[in-house]
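To keep things clear, I will list the structure first and then write my remarks on it.
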Amino acid sequence: MVNVQKKQEVDQLSQIIERGSFALVKYLGISHQKLEGLRKELKKSKSLFRVVKKSLFEKAVNKLSQKNKNLKEVQKKVFPLKENTAILSFEDDYMMGLSAFAKLSKDAEGLQFKFGLLDGKLYLSQDLERLSNLPTKDQLRAQFIALMNAAASKFVHVLKYNTSKFVYVLKNAKGGETNG
């Protein structure tokens, strides 16, 4: 019975890994209550936090590495896994999940990135930290729209300013003729 559960766990981990966007994190000395709070916050960004057995994760990667050369790189650079491990999986935009985890890890000392496989590329802990500080796609779109809007409004102001100045000069010229 236990072997069936382990096999199911390896299959579930394999499915997460095959999606291509996940991060492994370490957690030490974190209370159950804080972990549940972390899960709730990550759920808002469509990310899942799940504690995994290192050996089962390694089996899932070993199984998939025959087809995927990126996973062979994971085997070479990060195996064997050490410390308590959890997997952070992302549904849509992994940037939202990474930044949410990074914010929460600042409050809890025992939370850290180990490595991640995002869009098929391996990122180590330092790289994930840097990525988590970047703005999300939605934030970048909003900044771009604001820049475009500012440029357009400045252009309209320049056009209005010259026209207003010309009208002011004509008004003063007209007013000067009536006074003289």
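Quick note: the coordinates plus some simple rules give every number you see, no bench work behind them. If you're wondering where the values come from, they're calculated on a predicted model, not measured in any experiment. No Cβ is skipped: glycine too gets one built from the backbone with ideal geometry, and neighbour counts run over all protein chains shown.
Details
- Loop-located GluC sites (Glu not before Pro) in the stretch 1-49 whose Cβ has at most 14 other Cβ within 10 Å (DSSP): none
- Coil-residue GluC sites (Glu not before Pro) of the stretch 67-123, DSSP, other Cβ within 10 Å capped at 10: E109
- Entries of K59/K103; K7/K114; K53/K114 with Cα pairs more than 22 Å apart: K59/K103; K7/K114
- Lysine pairs in the stretch 135-180 with Cα atoms under 25 Å, if 8 or more residues apart or on separate chains: 4
- Cα pair distances in the chain, grouped into 5 Å bins until the bin that holds the longest one, percent each: 1, 7, 13, 16, 14, 11, 6, 4, 3, 3, 3, 3, 3, 3, 3, 2, 2, 1, 1, 0, 0, 0
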